[in-house]
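The values are calculated or read from the model by the stated rules, or taken from the named source; none is laboratory data. For clarity, every value in this text was computed on a predicted model and none was experimentally measured. Positions of Cβ are backbone-derived with ideal geometry, glycine not excepted, and every protein chain shown enters the neighbour counts. Each accessible area value is taken on the protein alone, full model and side chains, heavy atoms only, with ligands, DNA and RNA left out. Shrake-Rupley method; radii C 1.70, N 1.55, O 1.52, S 1.80 Å.
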Amino acid sequence: MFGRTRLRERIIIQLLATVIAIPFAFPLVAIVAKSFEGQGPAANYLAVLTKTPFLRFMLNSLIISGGTVALVFVCTMLAAFAFSKLRFRGRDTLFVVVLGGLVLPAIALIVPIFTIVLRLGLLNTYVAVILPLAAITIPFTVLVTRNFLDGVPDEILEAAKIDGASSFTTLLRVVLPLAKPIIAVVLVWTFLQSWNEFFLPLLLLQSTEMQAITQVPLYFTSEYGSDTPKIFASLVLLSLPVVVAYLSMQRFFERGLTAGAVK
């Protein structure tokens, strides 16, 4: 009797989840369907790969995304561990200051970012995009990672300390192996933000060879019209790495995002 009840509940929940997911899946299906129109799917996708510097722009985006992910990961784990497990004066105040980055809209920082990059002589370099992207992303990743680390029992860290481990060794050998779900969240979220960034590469990478993959759709627009099917074909291609990254870490991503949610 209880088995039938549970089966019926699972079927109802699955149906509700499917109905809720349909509005979100519809735009994705529409984008793929639109990319098949015009000269046909083969011609549209071939035009994106051959008539634009797609591979060069993809390499640029991979360098920018890889550098941003590495920088955000290191800064996030060190900061979140300090805010969660270490005791020092001004810890809570400093944490609030870091969270202040969440309330600042990125567009409001464009002029200061451009001025700083120009004065440091970093204009038209990958670092010019990596540093601002990391600075904009770190407040959110620190918030969710600290919340996750708050759930790690202090007794485990104290046992490591009794065995002679330093704080850095404890982070490296004890905390990081336990934090795989939130690490997946940090990696996927940061990659998604940096890969999809459009404005910062356009502003700070003025050389054509340095542009990011998000500039590819612009090759099919002009003052007098746009080739819509090829624009959607380029959108599908530039979305594939994000989809692959999410699917490869989906299990850890969902667990980490739930555990690191604001408490």
Filter the range 222-263 for residues that are of a type in the set (Val, Ile, Thr) and not in a loop (DSSP other than H, G, I, E, B); which is modelled with the lowest pLDDT? Thr258
Just one of Ala128, Ala106 is at pLDDT below 90 and surrounded by 12 or more Cβ atoms within 10 Å (Cβ to Cβ); which is it? Ala106
Residues of the range 176-206 that turn out to be open to solvent by less than 30 Å² (accessible area, probe 1.4 Å), over 30 Å from Ile113 (Cβ atoms) and touching a Phe, Trp or Tyr at 6+ places or on another chain (Cβ under 6 Å), as a count: 1
Among the residues of the range 34-77 satisfying the criterion of being of a type in the set (Ser, Thr, Tyr) and open to solvent by less than 70 Å² (accessible area, probe 1.4 Å), which is nearest to Ile156 (Cα to Cα)? Thr76
Flagged pairs (Cβ under 8 angstrom, 6 or more apart or on separate chains; first in the range 27-50, in a loop (DSSP other than H, G, I, E, B); second among the basic types (Lys, Arg)) are Gly38/Lys230
Across (1) of a type in the set (Asp, Glu); (2) exposed (fewer than 15 other Cβ atoms within 10 Å of the Cβ); (3) more than 27 Å from the chain's Cα centre (by Cα), Glu209 clears everything bar (3)
Restricting the range 109-124 to residues that are assigned to a helix (DSSP H, G or I) and without any contact (Cβ under 8 Å) to a residue 40 or more places away in the chain, which is most open to solvent (accessible area, probe 1.4 Å)? Arg119
Among (1) open to solvent by 30 Å² or more (accessible area, probe 1.4 Å); (2) closer than 25 Å to Val174 by Cβ; (3) not hydroxyl-bearing (Ser, Thr, Tyr) - the single one Phe95 does not satisfy: (1)
Taking Ile183 as meeting all but one of (1) within 24 Å of Gly67 (Cβ to Cβ); (2) free of Cβ contacts under 8 Å to residues at least 24 places away in the same chain, write down the number of the exception. (2)
When every residue in the range 144-164 that is of a type in the set (A, V, I, L, M, F, W, C) and touching a helix residue (DSSP H, G or I) at 6+ places or on another chain (Cβ under 7 Å) is compared, the one surrounded by the most Cβ atoms within 10 Å (Cβ to Cβ) is Phe148
Take Leu143 and decide whether it is modelled with pLDDT of 90 or more and part of a helix (DSSP H, G or I). yes
The range 78-104, residues that are assigned to a helix (DSSP H, G or I) and in contact with a helix residue (DSSP H, G or I) (Cβ under 7 Å, 6 or more places away or on another chain): Ala79, Ala80, Phe81, Phe83, Ser84, Lys85, Arg91, Phe95, Val98, Leu99, Gly101, Leu102
Go through the range 78-92 and report how many residues are open to solvent by 80 Å² or more (accessible area, probe 1.4 Å) and without any contact (Cβ under 8 Å) to a residue 60 or more places away in the chain. 4
